[in-house]
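Engineer: Before I ask anything, here is the structure I am working with.
Read the figures in this text as sums done on the coordinates, not as results from a lab. Remember, predicted model here, so these are calculated numbers, not experimental data. Using ideal geometry, Cβ is built from the backbone for each residue, glycine included, and neighbour counts are taken over all protein chains shown.
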Amino acid sequence: MMNVVRENVDALNAILKITVKSEDYQQKVDDTLKDYRKKVNMPGFRPGHVPKGLIQKQYGKSVLMDELNRVVNTSLQSYLTENNVEILGNPIPKADTEVEGDFNKPGDFEFTYQIGLAPEVKVSLSKKNKFDYLKVKVDKDLIDKQIDDLRRRYGKLISSEEVSDNDLILAQFVELNDDESIKEGGILHSSTVSMEFINDKKVVKALKGQKPGFKMIVDPATVSRGGKDTAAMLGIEEAALEATSDKFQLTITEVKGMELAELNVELFDKLFGEGVVGDEKALRERVKADLAGMFINDSDRMLTRSVYDDLLDKTKMELPDEFLKRWIKLSNEKEITDEEIERDYENYAKSLKWQLIQGNIFKTNDIKLENEEVINYTKGLLVNNYSQYGMPAPEDKELTASAVELLKNQEEANRVYDMLAEQKLTAYFKESVKLNEKEISYDDFVALAQG
């Protein structure tokens with residue numbers, strides 16, 4: 001290994017000076033130039049017979065620089081690994097410092113690099129730390145609503161005489177001019193409108209109780225969910241919406257209501273499997289348990305968020321800020337200004353501090369992400385994807401192959417590792433701190449979970 005000398009600037013910054021002697025690089029440079037001589041095509045010379053001096057003149061400096069760069073990077077990484085130096089980012093050339101050495105007359109070279117040192121982090125969690133563990137209060141109203149949703153899922157549409165809250169309206173849309181006359185060559189399209197998705201209270205009030213044949217002027221955006229949904233309702237491309245009138249004549253042609261499925265053994269078997277639920281009382285108990293389980297992931301996520309905020313606030317650490325700002329600028333693929341770095345640095349520093357806290361927790365408590373565990377977790381994600389589309393998962397061998405293939409994608413692999421790491425972190429939090437279980441209403445729970 002090359003000679004590496006460390007000079008500490010302060011507790012968070014240091015300088016590394018790497019001395020490279022000619023014997024560290026010369027043989028490799030010579031070998032590379034010999035290889036160039038064999039392969040290069042140069043006018044006036046047969047392949048393999050280009051004069052050595054010409055090869056040296058044309059390629060010598062670039063080959064030397066490439067080899068020095070490789071040697072220095074290898075030396076830096078070896079030094080950091082062998083001396084257990086924990087750094088942030090990567091080593092970067094020291095500002096306003098020239099490489100000592102002559103590229104035209106190669107001999108010894110000295111390179112000077114800056115490194116940002118990771119601060120010491122100590123995370124302490126115990127039963128003395130108390131956190132609310134929020135759970136949904138599964139009351140009669142919530143159970144009733146869930147049962148209605150299940151009955152609606154297995155119900156059937158029937159014709160209704162007039163529009164009510166959750167009905168489906170079959171309607172004709174005719175595009176109008178500003179004076180509300182029918183637009184010549186305008187849009188004429190039949191579609192459906194779902195009452196439960198209309199957010200405009202005035203429109204809901206105007207439609208409720210109406211019968212087929214009723215006409216009213218509407219803005220299509222008020223009876224749809226906007227964007228693609230509005231365009232699909234009018235039978236046009238989304239890009240055409242901008243040039244489309246916001247006045248349409250809506251004519252109700254038919255009203256469809258949902259007849260809820262009956263609460264009987266046939267429905268119970270469809271929902272939960274044959275013989276699992278036998279009567280309405282058992283149904284309500286099963287729905288209550290399913291609802292409680294449905295929100296566990298959200299409860300866990302909110303707990304992790306609370307502990308995360310608390311640890312970030314109470315775990316004191318300093319970062320080598322100026323080094324990191326310069327490293328961000330040098331390592332960014334796209335050119336980035338000092339103003340942009342300053343603007344985003346607080347969020348970057350917060351994310352980095354959390355990585356250090358999480359790393360300390362994993363190291364101190366010997367929490368690891370083993371390869372087999374990652375593959376099994378990925379297989380579980382794939383099985384869930386299949387079930388969402390109502391498809392059976394493939395055999396284990398094929399599933400394993402799919403998981404391995406997915407993990408070859410670095411972006412997907414990072415996502416999987418982050419999800420598994422958070423799952424392990426949450427489990428650690430639940431075991432380590434004192435949980436104050438607190439039931440809140442469904443609406444309050446959803447509002448907090450989305451916050």
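Engineer: Restricting the count to DSSP beta bridges whose residues both fall in the chain, what percent are antiparallel, rounded to a multiple of 5?
Structural biologist: 85
Engineer: Same structure, new question: For segment 156-259, what's the relative contact order in percent, using C-alpha pairs closer than 8 Å and at least 6 residues apart?
Structural biologist: 44
Engineer: From the Cα gyration tensor of segment 28-172, with a ≥ b ≥ c the square roots of its eigenvalues, which class applies: rounded if a/c is under 1.5, or else prolate if a/b is larger than b/c, or else oblate?
Structural biologist: Taking the square roots of the gyration eigenvalues as a ≥ b ≥ c, segment 28-172 is oblate.
Engineer: Separate question: Distance in nm between label sites at MET216 and SER22, each 7 Å beyond Cα in the beta-carbon direction?
Structural biologist: For the pair MET216/SER22, the computed spacing is 9.2 nm.
Engineer: Work out the charge dipole of the chain with +1 on the Cβ of Lys and Arg and -1 on the Cβ of Asp and Glu about the Cα centre, then indicate which of ALA261, GLY53, ASN69 is farthest towards its positive end.
Structural biologist: Value computed over the given set: GLY53.
Engineer: So for the chain, what percent of the C-alpha to C-alpha distances run longer than 27 Å?
Structural biologist: Pairs farther apart than 27 Å: 75 percent.
Engineer: While we're looking at this one, here's another question. About the Cα centre of the chain, what is the dipole size in debye to 20, counting +1 per Lys and Arg Cβ and -1 per Asp and Glu Cβ, all else neutral?
Structural biologist: Here the size comes out at about 1140 debye.
Engineer: If you don't mind, another one. If each DSSP helix of 4+ residues adds -39,500 (n - 2.57) and the sum is divided by the residues in the chain, what number results at 222 nm, nearest 500 deg cm²/dmol?
Structural biologist: -16000 deg cm²/dmol
Engineer: On to the next question. Among ILE92, GLY186, ALA403, flag the residue with its Cα farthest along the positive direction of the charge dipole of the chain, charges on Cβ as +1 for Lys/Arg and -1 for Asp/Glu.
Structural biologist: Of the candidates, ILE92 comes out farthest on the positive side.
Engineer: Would you work out which of ALA289, LEU241, VAL5 lies farthest towards the positive end of the dipole of the chain, given +1 charges on the beta-carbon of Lys and Arg and -1 on that of Asp and Glu, about the Cα centre?
Structural biologist: Positive-end residue among those listed: VAL5.
Engineer: Sticking with this one: Over the chain, calculate the relative contact order: mean separation of alpha carbon pairs under 8 Å at least 6 apart, over the residue count, as a percent.
Structural biologist: Contact order relative to length: 19 percent.
Engineer: Continuing with this model, one more query. Enter the angle in degrees (range 0 to 90, nearest 10) between the Cα long axis of helix 52-82 and the first principal axis of the Cα atoms of the chain, meaning the one along which they spread out most.
Structural biologist: The angle comes out at about 70 degrees.
Engineer: Sticking with this one: Please give, to one decimal in nm, the separation of the simple spin-label points placed at GLU196 and ASN41, each 7 Å out from Cα toward the Cβ.
Structural biologist: Output for this residue pair reads 7.0 nm.
Engineer: To test your reading of the geometry: what angle, between 0 and 90 degrees and rounded to tens, separates the Cα axis of helix 280-294 from the longest principal axis of the chain?
Structural biologist: So the helix axis and the longest Cα principal axis differ by about 30 degrees.
Engineer: With a/c under 1.5 counting as rounded, go ahead and sort segment 88-170 into rounded, prolate or oblate using the C-alpha gyration tensor (a ≥ b ≥ c being the square roots of the eigenvalues; past the cut-off, prolate if a/b is larger than b/c, else oblate).
Structural biologist: oblate
Engineer: How big is the dipole moment of segment 3-117 about its Cα centre under a simple scheme where the beta carbon of each Lys and Arg is +1, that of each Asp and Glu is -1, and everything else is neutral? Debye, nearest 20, please.
Structural biologist: 920
Engineer: Give the peptides 47-54, 91-98 in descending order of average Cβ contacts within 10 Å, highest first.
Structural biologist: Listed from highest to lowest mean packing, they are 91-98, 47-54.
Engineer: I need to check one value: relative contact order of segment 286-450, counting alpha carbon pairs closer than 8 Å and at least 6 residues apart, in percent.
Structural biologist: Relative CO of segment 286-450 lands at 26 percent.
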